[in-house]
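Q: Quick one: structure below, then a few questions.
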Amino acid sequence: MQRAFGLEIPRTLEEVCDPRRMALLVYDMQVGIFDQAPGLRPVIPKVAEVLNAAREANVRTFFCRHMSLPNELAGVQQLRTAMAWQRAERVEDVRSLFLRGSPGFELIPEMQPLPSEAVFDKLGMSMFAGTPLDMALRDCGIVAFAIVGVVLEIGIAPTVSHATDLGYIPIVVTDACGSVEEEARGRALASIDHTLMSLTTDTAAICRLFRDSSRSSHGR
């Protein structure tokens, strides 16, 4: 751990993974997303493994859900994006697929939050945009987070980029982040690696670090 100017500056994955100062973000593990892209389902056990390890280590955990507005409230960007993603030629053909209270909006059964965990709903791609996440993390003294879920190239990458501008250290658990398009996934990971502002790891490594930290805390 580097120390300067009254600060502790972690550089390695092991130094960053301090459960007292990090969180787990679980991104958009919703019924409707897996209905639209069933090929994402193999990532569910990996996300569950990281989630369980984080819980055992008492890592603060936050979930997010993508939310649609009724078309009458959606606005230009929301409608334009929906038209592109739904391959619709007319605004009138757009459907609001993630309305609050709809079956597709809910988290999948394997990802049900505990009473000690929080769920934030968002309209955009970054988990920080328009949600209380930044306030909640800072109030808990969080400086880093691991992120898992779906979809890496659509929502997780923007969240990671936004987080570095806010001063956090993101850890992308690559095999616990699902993708729908491998070429886009490769570009997203290359961009994340290129900035040198984030860390990447896999499920086995992050779970081992969570277990090690849990044992250390129990021994204190």
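Values in this text are rule-based calculations from the coordinates and carry no lab data. Note that the structure is a prediction, hence the values are computed from the model and not measured. Glycine also receives a Cβ, built like all others from the backbone with ideal geometry; neighbour counts cover every protein chain displayed.
Q: If you check Leu123 against the conditions, is it aliphatic (A, V, I, L, M), more than 16 Å from the chain's Cα centre (by Cα) and surrounded by fewer than 18 Cβ atoms within 10 Å (Cβ to Cβ)?
A: Answer is no for this residue.
Q: Which residues, counting only those in region 168-187, are crowded, with 24+ Cβ neighbours inside 10 Å and touching an Asp or Glu at 6+ places or on another chain (Cβ under 7 Å)?
A: Residue satisfying the conditions is Val173 alone.
Q: Tell me whether region 41-56 contains one or more residues that are free of Cβ contacts under 8 Å to residues at least 24 places away in the same chain, closer than 22 Å to Val180 by Cα and touching a Gly at 6+ places or on another chain (Cβ under 9 Å).
A: yes
Q: Another question, if that's okay. Val172 is checked against (1) in a helix (DSSP H, G or I); (2) out of contact with any Pro (no Cβ under 9 Å at 6 or more places or on another chain); (3) among the aliphatic types (A, V, I, L, M) and fails just one. What number does that condition carry?
A: Evaluating Val172 over (1) in a helix (DSSP H, G or I); (2) out of contact with any Pro (no Cβ under 9 Å at 6 or more places or on another chain); (3) among the aliphatic types (A, V, I, L, M) leaves (1) as the failure.
Q: Quick check on my filter: what residues within region 138-167 are surrounded by fewer than 23 Cβ atoms within 10 Å (Cβ to Cβ) and not small (Gly, Ala, Ser)?
A: Arg138, Asp139, Cys140, Ile142, Val143, Glu153, Ile154, Pro158, His162, Thr164, Asp165, Leu166
Quick grid of which residues meet (1) under 14 Å from the mean Cα position of the chain (by Cα); (2) under 23 Å from Ala157 (Cα atoms); (3) surrounded by fewer than 18 Cβ atoms within 10 Å (Cβ to Cβ):
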| residue | (1), (2), (3) |
| --- | --- |
| Phe5 | no, no, yes |
| Arg20 | no, no, yes |
| Met29 | yes, yes, no |
| Asp35 | no, yes, yes |
| Pro38 | no, yes, yes |
| Arg41 | no, yes, yes |
| Pro45 | no, yes, yes |
| Glu49 | no, yes, no |
| Asn58 | no, no, yes |
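Q: Any residue in region 1-19 that's farther than 12 Å from Phe210 by Cβ: show its pairings with residues that are of a type in the set (Asp, Glu) at Cβ separation under 7 Å, as long as the two are six or more apart or on different chains.
A: Short answer, once both residue conditions are applied: Met1/Glu8; Met1/Glu15.
Q: Can we say Arg65 is crowded, with 17+ Cβ neighbours inside 10 Å, without any contact (Cβ under 8 Å) to a residue 60 or more places away in the chain and not aromatic (Phe, Trp, Tyr)?
A: It is true that Arg65 is crowded, with 17+ Cβ neighbours inside 10 Å, without any contact (Cβ under 8 Å) to a residue 60 or more places away in the chain and not aromatic (Phe, Trp, Tyr).
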